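Structure provided below as structure tokens; questions to follow.
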Amino acid sequence: MRPVSIIGAGMTKFGRSEWPLSKLMSVASLAALHHADLGDVKVDGVVVANMGAARLNRQTAIASALVDSLNIFPATAESVENGPASGASAFKVGYQAIASGMADVVLVTGVEMMRAVNNLEATDFVASLSHPEAEYIYGVTLPSLAGMFARLYMERYGVTREHLARVAIKNHDNAMKNPYAHIHQTVTMEGILTAPEAVVNNPPIAEPLHMFDCCPVSDGAASLVLASQEVAEKLGRPIVRIAGIGQATDTHAVQNRPDPTELTAVRLAAQKAFSMAGITPKDIDVAELHDAFTILEIAESEEAGFFKKGEGHKALEKGITSLGGKLPINPSGGLKAKGHPVGATGVAQLVELTWQLRGEAGERQVQKAKNAFACNFGGFGNNVVATVLTREV
Amino acid sequence: MGNDTKVYGIRCKACGHETYPAHACCPKCASEALEPLEIAGNGKVLTYTDLYALPLDYEQRYLRLAIVELDNGLRATGQLLDENPKIGKKIKTVIGIVRQSGDRKIHGLQFIPV
């Protein structure tokens, strides 16, 4: 396979968008294309990541629509729907197109416009990825799966609501330094946990998880320009090499996992990505993990191999995962505060890491970052894509 | 309660392995010769949650959901009807209306204390 690099990254601000879906996609795509500054080099193909435009926005075949809007005919166009892992899946498709030699330059854009419907509809839309007969009919939603996971995990490993709140506080702090984040609001331990008014400020969603343990419902788009090493070198751009991609699946119904506190697909996807990259978790300088719920940042930090099982919350407590710590996790604010437009998320994680590796992350820049890791978590862990990026000097 | 409201998994006719929910082939030996297996009996609560952010179709203060492990080793997700839930607490399955979507009443597993 040929080496593939990321040569451009861009995104829209996440949050509530007044724009139509097509404009969200094109604004993020143009930002990435301007960042790549392709000159005479043509885009061979477009891959769009999206989970719900057919249902939420009554629009299908949106990759073709993006080619039209950017006027980059006759570029190839595909959409990838892989639940909340659509973003990294689309990225993988773009990688494969270039690595195989079928394309030299591919635009990967993730988009979701979830606030086109009310919260009840948006929650039901995401819940439709659960097992239809064994989960969905009982009223299972993603927060309820996360709540059941968290209760067992907390009991077994001594994780408390205070640890979960620390994830929220850290990621909200990071998002304050990210102009693209959905939520620009700091939160305190008093405000969301210990003060009497915390009961009102932070109501239960799926016990033991409360509102500030859950990501918001967001609109947004994120985009990457991928190129063969040859094109990247010809253009003379800083080279962020796609060093490893790993993907793994797990049982559809969460109940069927031998140990329901294990996220086996995260572990396997990360192992594959590290093995392909030829490095280990110790070599990683910065990571974006899929913290749709605070508990997931802790659990994924262990399954990915950064900390031993049951010790992720201790690393968090020591500040290891904060900006300035040894392994900053979710400098972007994560899904928790940057927001989670589901189809865009996996791409947005890699946009953040590209900026980090190029030294373009502004106030939230992780110093001397060379190797970066992302975990895009689909379903409730039944389809996970892990990516390792490396800055080549 | 008519037969149509029961919940079924599968039993493999080749190796006897039981699984729920149903799969296209046996997860253990890959045989496609499968027969229905009623999911019912006693067990214990593995984990549970009180879901306050209610899904579509529900009008109540919260929905108490659980994953249980039955005495035969099979696991099931369903609604926990217990005022004092606890991990490890013994339950038994009953069939009830678990969701009402318009005029359509959906039957499924509920768990009550033994």
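The values are calculated or read from the model by the stated rules, or taken from the named source; none is laboratory data. As the structure is a computational prediction, the values presented were derived from the model and not from experiment. Neighbour counts run over all protein chains shown; Cβ positions are idealised from the backbone, glycine included. Only protein heavy atoms, including side chains, enter the accessible area calculation; ligands, DNA and RNA are left aside. Shrake-Rupley method; radii C 1.70, N 1.55, O 1.52, S 1.80 Å.
Distance cut-off 22 Å, Cα to Cα: go down the list A:309/B:92; A:308/B:86; B:44/B:105; A:13/A:170; A:42/A:92; A:92/A:170 and report the pairs above it.
Checking Cα-Cα distances, A:309/B:92; A:308/B:86; B:44/B:105; A:92/A:170 exceed 22 Å.
How much solvent-accessible surface does residue A:370 expose, in Å² to the nearest 10, with a 1.4 Å probe and all protein chains in place?
Accessible area of residue A:370: about 100 Å².
Could you tell me how far the Cα centroid of the stretch B:54-79 sits from the Cα centroid of the stretch A:295-347, in Å?
Spelled out, the Cα-based centre of one part sits 29 Å from the other.
Between B:18, B:38, B:69, find the one with the highest GNM mean-square fluctuation for chain B; connect C-alpha pairs within less than 10 Å.
B:38
Can you tell which of B:84, B:72, B:42 shows the greatest fluctuation in a Gaussian network model of chain B with Cα springs below 10 Å?
Among B:84, B:72, B:42, the largest GNM mean-square fluctuation belongs to B:84.
Grab the eigenvalues of the alpha-carbon gyration tensor for the stretch A:280-393, scale each by 5, take roots, and send me the semi-axes largest first in whole angstrom.
Equivalent ellipsoid of the stretch A:280-393: 19, 17, 13 Å, largest first.
Mind checking the mean number of beta-carbon atoms from other chains within 10 Å of the Cβ atoms in A:39-52?
0
Oh, and also: Quick one: net charge of residue A:385's neighbours, Cβ under 15 Å, K/R +1, D/E -1?
Net local charge, residue A:385 excluded: -2.
Can you tell which of A:128, A:141, B:20 lies farthest toward the positive end of the dipole of the protein assembly as shown, using +1 and -1 charges on the Cβ of basic and acidic side chains (Lys, Arg; Asp, Glu)?
Towards the positive end, the residue furthest out is B:20.
Something else about it: To the nearest 20 debye, what charge dipole does the protein assembly as shown have about its Cα centre, counting +1 at the Cβ of each Lys and Arg and -1 at the Cβ of each Asp and Glu?
680 debye
A further question on this structure: Between chains B and A, what is the buried accessible area in Å², counting both sides, with a 1.4 Å probe and ligands, DNA and RNA left out, to the nearest 100?
The summed interface area works out to 2600 Å².
Further question on the same structure: Once all Cα-Cα distances of the stretch A:252-300 are split into 10 Å bins that start at 0, what whole-number percent is in each one?
P(r) over the stretch A:252-300, rounded to whole percents: 21, 49, 26, 4.
Between the stretch A:92-151 and the stretch A:178-256, what's the alpha-carbon centroid distance in Å?
Value for the Cα centre distance between the two parts: 13 Å.
Now, a different point. Please check the stretch A:114-140 for residues whose accessible area, probe 1.4 Å, is lower by 40 Å² or more when all protein chains are in place than in their chain alone.
A:120, A:137, A:138, A:139
Please give the per residue accessible area of the stretch B:40-113, computed with a probe of 1.4 Å over protein heavy atoms only, in Å².
About 47 Å² of surface per residue is accessible.
Okay, helix-only estimate at 222 nm for the protein assembly as shown: each DSSP H run of n ≥ 4 adds -39500 (n - 2.57), divide by all residues, round to 500 deg cm²/dmol; what do you get?
That comes out to -8500 deg cm²/dmol.
Normalised by the number of residues in the stretch A:199-310, what is the relative contact order in percent for Cα pairs under 8 Å and 6+ residues apart?
RCO, the stretch A:199-310: 24 percent.
Let me know the Rg and Dmax you get for the protein assembly as shown when you use only its Cα atoms, in Å.
Cα radius of gyration and Dmax of the protein assembly as shown are 22.8, 73 Å respectively.
Now for a separate question. Beyond 16 Å, what percent of the Cα pairs of the stretch B:40-113 remain?
Here the tail beyond 16 Å accounts for 47 percent of pairs.
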